[in-house]
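The values are calculated or read from the model by the stated rules, or taken from the named source; none is laboratory data. What you are looking at is a predicted structure, and each value in this text was computed from that prediction instead of being measured. Methodologically, a virtual Cβ is constructed for each residue, glycine included, from the backbone with ideal geometry; neighbour enumeration extends over all protein chains shown. Note: areas computed on protein heavy atoms with side chains; ligands, DNA, RNA excluded. Shrake-Rupley method; radii C 1.70, N 1.55, O 1.52, S 1.80 Å.
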Amino acid sequence: GGGLSDKDRQLFTYTNPAKVVRRWLGTASGASGKATSSDIGAAAAVLLDPEGSCHEGRTILMSVCESADGDTDMEIEADDAKDGEEIKEKGYLTVSSSREVEAWLLSLQVRILWKEEKYTDAMNLVQKGVNMVLAHLDIAAENMTSSLGVSISSLFPLLARLYRYRSLVADATKDPAMTASLRQEMVHAHNMACLRRDVDSQATLLNLMLRDLLMHSQIEQAHKLLSNATFPETASNNELCRYLYYSGRIQALRLEYTKAFSNLSQCLRKAPTNTGLGFRITAQRLLVVVQLLMGEIPERHVFFTKGMKTELAPYLAITQAVRRGDLAVFTKVVSEQAARLQQDETYTLISRLAHQVVKAGLRKLHVSYSRLSLQDVADRLGLPSATSAEFVVAKAVRDGVLDATIHHEEGYVQSHDLVDVYATKEPAEAFHRRIAYCLTTHNDAVRGMRYPPDAYKKQLEASRGNRRGKKSEDKSDEEKAQELEDELEEDY
């Protein structure tokens, strides 16, 4: 916390500065999107002390502003001359608040350079910004007993923001050497974030490492990282949604469809509904494919959700082909949409659906006919020969998809009588899944209510010696009147 005052004096102290900074970043996102390099340079000139701890960031921001606009220097000098008396009266930002403002202005400038596709300048600036924030953290750690160390955690969300922009800029440059060097830096930064209990940087860096490994098709390394690293429970909801999406993607590629379905469903439930449409579309695509790989057919209303109808149209056609069990139609749709599916990074998973299409077709034939020749099975499913149909039916019988007997010599399949589904294990498994979901929801709710809200305020008041005054304020008017009457009776 802090404000415009003497640079060596701190006016306000927050019990949870990281939470205040997160809220500030959330509310300032709209205004920050309209900021220009001139605005950032002018703000740095007015708010940051040229002789304070943030003089380096002030100089860098003003130099970037000058390079972006030739008249910016003249404008800033004019503003400084015009408002010189006002700045002298108010002073610059305090030591604690100037660090946060410096990091925020650096992140805004990096965002502008990234959008303008000036990737080299953006990478140089974001690397300097990360180094400056880490230097502030080191200085604050050495002065934990003084006022400089009070708001050390307020820099954590801003540092995580810079880490994310650095990763985005590195991906845009498409330089393998830079990506490899950043991978080692992210591992070291994640270890340091765990040591200083930086929840924001932990969650952000873990998601960035998972994203980097997935982009380079290193699925086994991503799975090892996922199994060995622990995602912080108090991380922001946006980072949790990203983590659930990356986890579900890794598990789907490793044939762990049940876990992937659980994580992706939870990701969509927790994702914000008013923003992030692109993220929700990406997660919904993957969830549809995972459901098809599990042998389930997604609900029809999923494909007609507001804003998703056009994006999910190819997946609706694939779902209809899987539902009908028509292998020819499925192959035709996949071949027509191959470029789109590769762009969505779902082509590898959809290529596994051919077996599910065959299974769906076999189920329909099993229900319709009690006895069918293998040649007819091959013709209905679009298989090359009766021998291929026999192999497919044998695998379906072994997997429990069909309850039938293959007569090899006669060349036909004999279906058995349908068994009551409630006599099988399927209802118990479905019931178990529902109970597991309810227990997980209950445990999350209990964990969230374990500590009552504002409980820390009582401990803070007790440490300051204000509990007695607080108790007197909590008394009702009737109790105060009764105490006055008792005192008057004692006097007389």
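Counting only residues that are outside any helix (DSSP H, G or I) and either over 15 Å from V357 (Cα atoms) or touching a strand residue (DSSP E or B) at 6+ places or on another chain (Cβ under 6 Å) (or both), which one in the range 326-345 is least open to solvent (accessible area, probe 1.4 Å)? Quick ask: steps written out before the conclusion?
The initial filter retains those residues of the range 326-345 that are outside any helix (DSSP H, G or I), namely 326, 337, 344-345.
Next cut, either over 15 Å from V357 (Cα atoms) or touching a strand residue (DSSP E or B) at 6+ places or on another chain (Cβ under 6 Å) (or both) only: 337, 344-345.
On the way: Q337: 56, D344: 23, E345: 110 Å².
Here the residue is D344.
The set of residues from the range 165-182 being surrounded by fewer than 18 Cβ atoms within 10 Å (Cβ to Cβ) and under 13 Å from L206 (Cα atoms) is empty.
When residues of the range 217-262 are filtered for being open to solvent by 30 Å² or more (accessible area, probe 1.4 Å), aliphatic (A, V, I, L, M) and more than 23 Å from D200 (Cα to Cα), how many remain? Looking only at that region, the number is 3. For E117, the conditions (1) surrounded by fewer than 22 Cβ atoms within 10 Å (Cβ to Cβ); (2) assigned to a helix (DSSP H, G or I); (3) modelled with pLDDT of 80 or more; (4) not hydrophobic (A, V, I, L, M, F, W, C) all hold with the exception of (2). Select from the range 348-379 the residues that are modelled with pLDDT of 85 or more and crowded, with 16+ Cβ neighbours inside 10 Å and write down the one among them that is nearest to L312 (Cα to Cα). Selected residue: I350. Within the set L264, L255, the sole residue that is out of contact with any helix residue (DSSP H, G or I) (no Cβ under 8 Å at 6 or more places or on another chain), hydrophobic (A, V, I, L, M, F, W, C) and within 24 Å of H432 (Cβ to Cβ) turns out to be L255. Considering the range 263-300, and only residues there that are free of Cβ contacts under 8 Å to residues at least 12 places away in the same chain and polar (S, T, N, Q), the residue that is surrounded by the fewest Cβ atoms within 10 Å (Cβ to Cβ) turns out to be N274.
Is one or more of the residues making up the range 184-204 assigned to a helix (DSSP H, G or I), in contact with a Cys (Cβ under 8 Å, 6 or more places away or on another chain) and surrounded by 23 or more Cβ atoms within 10 Å (Cβ to Cβ)? Checked the range 184-204: at least one residue is assigned to a helix (DSSP H, G or I), in contact with a Cys (Cβ under 8 Å, 6 or more places away or on another chain) and surrounded by 23 or more Cβ atoms within 10 Å (Cβ to Cβ).
Which ones in the range 263-304 are modelled with pLDDT under 85 and among the hydroxyl-bearing types (S, T, Y)? Answer for the range 263-304, where residues must be modelled with pLDDT under 85 and among the hydroxyl-bearing types (S, T, Y): T273, T275. Here A203 passes the criteria (1) touching an Asp or Glu at 6+ places or on another chain (Cβ under 8 Å); (2) among the hydrophobic types (A, V, I, L, M, F, W, C); (3) more than 26 Å from I139 (Cβ to Cβ) except the one numbered (3).
Return yes or no: is G307 in contact (Cβ under 8 Å) with a residue 12 or more places away in the chain and in a loop (DSSP other than H, G, I, E, B)?
Details: in contact (Cβ under 8 Å) with a residue 12 or more places away in the chain: yes; in a loop (DSSP other than H, G, I, E, B): yes.
Judged against the criteria, G307 is a match.
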